[in-house]
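K.L.:
Let me give you the structure first, and then I'll get to my questions.
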Amino acid sequence: MSDKTLLLSDDDGVLTVTVNRPNALNALNEQVLTELRTLLEGPLPSTGGAIRGVILTGAGERAFVAGADIKEMSVMTPDEGEAFGALGQRVTRLLEELPVPVIACVSGYALGGGCELAMAADFIYATGSAVFGQPEVSLGLIPGFGGCARLHHRVGPGWARELIYTGRKIDAAEARRIGLVNRVFDTREEMLDSAAATLAEIATRSPVAVALSKSAIDGSIGRPVTDALAIEKAAFRRTFATGDMREGTAAFLAKRPPSFPGH
Ligand code: HXC
C-alpha cells in the first residue's frame, strides 16, 4: 500500500477523520475503505482522554468524497464488485454502530459513495459549496454503499427516487431544504468549529444515554412503530441500571450540574 489515505487528529475528545486523496477528489478506493474499516473496528485512537465524538470530513475545499473510485470499479468482475460494495457497506455500518456521535462535515462534492458515507454519520453539516448526489445510474451502477437503503430514511422515498433515478446533483441549500443536511455554513472553518461545539455540548450529557439513544434510533429506522417502541423500552430500562441515570436525576434534584460517571 502507498501512503495512508486518512488523516487523524484529536482535540478535547473529538476525533477528526479526514479522507485524504485530493488528487482523486478523495474518491473511496479499496485502500481508503480498508483503512476506514481498520480504524472503526478498533478502539478509536486518542492522544488524551476518551473520544466522545467524531468529525468525518474530506481534505481540501473541492470535495468531501467524489464517490467510490470509478477507475478501480471499471475493471471489477461481479464478485469483485460485490466484495467492494460489501466493504463500503461494512464501513458505513461501523460508523452507525459507533457508540459516540458522528458528524459528517461536507465541503464540495459528496457524490455517490461520498453521499453514502456522509449519510452513515448521525447528521450532516455542510458549507455553501457542498454538492450532493447519487450519480451512479449515469455510470451504469446503482448506489452500493447504502444509498438505496438509507437515502429514503433521510429525505423520504419521493426525493430518494428522484435523486437516484436522475443522478441529479443538488446544492447545499436544497440538501438542507429536503432534510439531508442539518446546517449550512459560510466557511469550512465555521462548519468544523460548529461541529466540534455540537459534539462538546453532547459530551456534557450522559455518555451512556447518548449511546443508548443512538442505538435505539438506529435500531428503529425502517421498523414498524410497535417494534421500534419495544427497542426503545429495552434501552430505557437499561438506563435505570446506570450510574449516569442516578447521577443525572440526583443532580437535578440537588439543583447542581451533573458529573456523569459514564457507566
Ligand atoms: C476516481 C475520480 C472520481 C471518482 C473524481 N476523480 N471523481 N477518480 N473516482 N469517483 C478524479 C478525476 O478522474 C480527476 O483525476 C480528478 O479526480 C479531478 O476530477 P475532475 O473530473 O478533473 O474535476 P472536475 O472537472 O472539477 O469535476 C468534478 C466532478 C467529477 C464533477 C466531481 O470529477 C465527477 O463527476 N466525478 C465522478 C463523480 C461520480 O460519478 N461519483 C459516483 C461514483 S460511483 P485526473 O487524474 O484526471 O486529474 C459510486 C458508487 C458507490 O460512488 C457504490 C459502489 C459499490
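K.L.:
Please work out which one of (1) within 13 Å of the ligand (Cβ to nearest atom); (2) surrounded by fewer than 18 Cβ atoms within 10 Å (Cβ to Cβ) is the condition Pro157 fails and give its number.
P.N.:
For Pro157, the exception is condition (1).
K.L.:
Across the stretch 96-148, what is the number of residues that are out of contact with any helix residue (DSSP H, G or I) (no Cβ under 6 Å at 6 or more places or on another chain), within 16 Å of the ligand (Cβ to nearest atom), more than 19 Å from Val32 (Cα to Cα) and in a loop (DSSP other than H, G, I, E, B)?
P.N.:
3
K.L.:
Let me ask another. Can you spot a residue in the stretch 15-38 that is more than 16 Å from the ligand (Cβ to nearest atom) and either touching a His at 6+ places or on another chain (Cβ under 7 Å) or within 21 Å of Ala83 (Cα to Cα) (or both)?
P.N.:
Yes, the conditions are met somewhere in the stretch 15-38.
K.L.:
Out of the stretch 107-129, which residues are more than 11 Å from the chain's Cα centre (by Cα) and of a type outside the set (Phe, Trp, Tyr)?
P.N.:
Ser107, Gly108, Ala110, Leu111, Gly112, Gly113, Ala126, Thr127, Gly128, Ser129
K.L.:
Cβ-Cβ under 8 Å, sequence separation 6+ or interchain: first residue in the stretch 155-184 and within 21 Å of Glu136 (Cβ to Cβ), partner hydroxyl-bearing (Ser, Thr, Tyr) and assigned to a helix (DSSP H, G or I). Which pairs?
P.N.:
Pairs found: Gly167/Ser138.
K.L.:
Can you name the residue in the stretch 162-185 that is of a type in the set (D, E, K, R) and out of contact with any strand residue (DSSP E or B) (no Cβ under 7 Å at 6 or more places or on another chain) and is also farthest from Gly112 (Cα to Cα) among such residues?
P.N.:
Taking the candidates together, the pick is Arg177.
K.L.:
Next up: Could you tell me which of the residues Glu61, Glu35 is in contact with a Ser or Thr (Cβ under 8 Å, 6 or more places away or on another chain) and in a loop (DSSP other than H, G, I, E, B)?
P.N.:
The conditions single out Glu61.
Each row is one residue, and each column tells you yes or no for (1) loosely packed, with under 14 Cβ neighbours inside 10 Å; (2) part of a strand (DSSP E or B); (3) assigned by TED's automatic domain parsing to the domain that holds Gly128.
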| residue | (1), (2), (3) |
| --- | --- |
| Arg176 | no, no, yes |
| Leu180 | no, no, yes |
| Leu192 | no, no, yes |
| Ala197 | yes, no, yes |
| Ser215 | no, no, no |
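K.L.:
Looking for whichever is among the polar types (S, T, N, Q) and in contact with a Lys or Arg (Cβ under 6 Å, 6 or more places away or on another chain) here; the options are Thr5, Thr47, Thr34, Thr57. Which one fits?
P.N.:
Unique residue meeting the criteria: Thr5.
K.L.:
Could you list all residues from the stretch 190-215 that are within 20 Å of Thr249 (Cβ to Cβ) and in contact (Cβ under 8 Å) with a residue 60 or more places away in the chain?
P.N.:
Selection gives Ile202, Ala203, Pro207, Val210, Ala211.
K.L.:
Out of Glu96, Glu116, Glu61, Glu41, I need the residue that is without any contact (Cβ under 8 Å) to a residue 40 or more places away in the chain and in the same structural domain as Ala130 (by TED's automatic domain parsing). Which one?
P.N.:
Just a single option satisfies the conditions, and that option is Glu116.
K.L.:
Moving on. Give me the pairs, please: first residue somewhere in the stretch 129-143 and outside the structural domain of Cys115 (by TED's automatic domain parsing), second residue anywhere and in a loop (DSSP other than H, G, I, E, B), beta-carbon distance under 8 Å, and either six or more positions apart or on two chains.
P.N.:
Pairs that qualify, where the first residue is outside the structural domain of Cys115 (by TED's automatic domain parsing) and the partner is in a loop (DSSP other than H, G, I, E, B): there are none.
K.L.:
Take the residues in the stretch 3-38 that are free of Cβ contacts under 8 Å to residues at least 40 places away in the same chain and of a type in the set (Ser, Thr, Tyr); name whichever of them is surrounded by the most Cβ atoms within 10 Å (Cβ to Cβ).
P.N.:
So, considering only residues that are free of Cβ contacts under 8 Å to residues at least 40 places away in the same chain and of a type in the set (Ser, Thr, Tyr), the one surrounded by the most Cβ atoms within 10 Å (Cβ to Cβ) is Thr5.
The values are calculated or read from the model by the stated rules, or taken from the named source; none is laboratory data. Only a predicted model underlies this, so the values are computations on that prediction, with no experimental measurement involved. Cβ: placed from backbone, ideal geometry, glycine included. Neighbour counts: every protein chain shown.
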